[in-house]
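**Student:** Below: one structure in structure tokens.
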Amino acid sequence: MAETECFFTKFGQALADASRDRDKTFKTSTNLWPDAYKDNIEMISRLKATLANKPNVLIAGAGKQSGLDKISIYTQDWLKTGVHWSNFNPEINIDIITSTHMAPLEAALHAKRKPLLLIHGVYDKVPPILHRSFTIRWSDPFLSRKLKGNVNVDSIETLIKSKAIGVAPYLPSVRNTIFLNTMVMIWLGARQIVYTAVDPHNPDYFFTGNSDLTLEVMKCLSATNPWLAEWDGRNIRIPKVVRSTSHRVQAFSEAISKQRSAVGGKDYLMEFDRGFDLIVKLAESRGIKLGYIGTSSYMETTNIPRIY
């Protein structure tokens, strides 16, 4: 247990205890945790400074992609970010892992190759739960009652300008970690964003068919804190005895054991379509170059060019 606890910030351990004890009195306000929120904005500022020196970003999905060794050489001076599980891929070194789920982020810290930074997408206001991480509040703008479906570059820029501020900033993002990852990089100053191993037409993980890699991922996932996995970014879940998020670690384990990603469903394809469409328009308005590397039957359907 001591090894697991060392991954948590002081706030993270308190949150885990509160979730376990169903503590209705636990609060996450900035007044109660000023130093923790200060750490959050400091970590965000560090990534912004890194992007000022490394404005080219590779975003790696968790899908299969041949030739990653050559892709790594081509992008050797770039900042490499990935979605959950991608840091387990032995063919590419990932600097940053982004996820909207607690369990995959903690699992990344149990891995042999730990990322340098974790970006944690949350729904409610909280400071960092894990060391070497920051939190960013998010929601899908296409589900916003306020926007009423009026999602375009202007409405997104207005949200960023008004809400991506302070020690607990908010960013709009279509519901997929790929897009939250992209929005953070755009927000903090990336000048070129390139994707690889992203193909929802072929929803296999990079470890599909590899029992050793699958076992490694499952071992790291099984070592995570189940109470934080149940909380999973929503403070309203802390005091609830019965909730749909129970056994979330087991749900992730089941998906991994099947070795097939959920992104191949029709609903996900719709989200990918509108997510990339929005990213293309936002990047164009900001003068950011987009591209993808490798082969992807899905990326061929977008307005993003293949560059290698």
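**Student:** Would you tally the residues in the range 265-291 being touching a strand residue (DSSP E or B) at 6+ places or on another chain (Cβ under 8 Å) and either part of a loop (DSSP other than H, G, I, E, B) or under 19 Å from Ser173 (Cβ atoms) (or both)?
**Tutor:** Final tally of qualifying residues: 5.
**Student:** Same structure again: Please tell me if Tyr37 is more than 30 Å from Ser297 (Cβ to Cβ), out of contact with any His (no Cβ under 8 Å at 6 or more places or on another chain) and surrounded by 23 or more Cβ atoms within 10 Å (Cβ to Cβ).
**Tutor:** So Tyr37 fits the description; yes.
**Student:** Further question: Contact list please: Cβ distance under 8 Å, first residue in the range 26-44 and within 13 Å of Pro169 (Cα to Cα), second residue at pLDDT 95 or above and part of a helix (DSSP H, G or I), pairs at least six apart or on different chains.
**Tutor:** Pairs found: Thr30/Tyr37.
**Student:** Can you name every one of the helices (runs of 4 or more DSSP H) wholly within the range 1-75 that holds 1 or more residues which are modelled with pLDDT under 95?
**Tutor:** 2-5, 10-21, 68-74
**Student:** Right, next: Take Glu42 and tell me if it is within 26 Å of Leu15 (Cα to Cα) and crowded, with 16+ Cβ neighbours inside 10 Å.
**Tutor:** For Glu42, the condition - within 26 Å of Leu15 (Cα to Cα) and crowded, with 16+ Cβ neighbours inside 10 Å - is not met.
**Student:** Let me ask something additional. Any residue in the range 65-88 that is under 21 Å from Pro226 (Cα atoms) and touching a Gly at 6+ places or on another chain (Cβ under 7 Å)?
**Tutor:** Looking for residues that are under 21 Å from Pro226 (Cα atoms) and touching a Gly at 6+ places or on another chain (Cβ under 7 Å), one finds at least one in the range 65-88, hence yes.
**Student:** Quick check, is Lys27 under 27 Å from Pro239 (Cβ atoms), surrounded by fewer than 22 Cβ atoms within 10 Å (Cβ to Cβ) and of a type in the set (D, E, K, R)?
**Tutor:** Yes; evaluated as a whole, the condition is true for this residue.
**Student:** So, of the residues in the range 76-89 that are within 14 Å of the chain's Cα centre (by Cα) and outside any loop (DSSP other than H, G, I, E, B), which turns out to be surrounded by the fewest Cβ atoms within 10 Å (Cβ to Cβ)?
**Tutor:** My answer is Lys80.
**Student:** Related question: Quick check on my filter: what residues within the range 90-105 are under 22 Å from Leu171 (Cβ atoms), touching a residue at least 24 places away in the same chain (Cβ under 8 Å) and part of a loop (DSSP other than H, G, I, E, B)?
**Tutor:** Scanning the range 90-105 gives Ile94, Thr100, His101.
**Student:** Pairs, please: C-beta under 8 Å, at least 6 apart or cross-chain, first residue in contact (Cβ under 8 Å) with a residue 12 or more places away in the chain and closer than 17 Å to Asn303 by Cβ and in the range 186-211, second of a type in the set (Ser, Thr, Tyr) and outside any loop (DSSP other than H, G, I, E, B)?
**Tutor:** Ile193/Thr182; Val194/Tyr292; Tyr195/Tyr292; Val198/Tyr292; Pro200/Tyr268
The values are calculated or read from the model by the stated rules, or taken from the named source; none is laboratory data. In this text the structure is predicted, and so the values were computed from the model without any measurement. Virtual Cβ from ideal backbone geometry, glycine too; neighbours counted across all protein chains shown.
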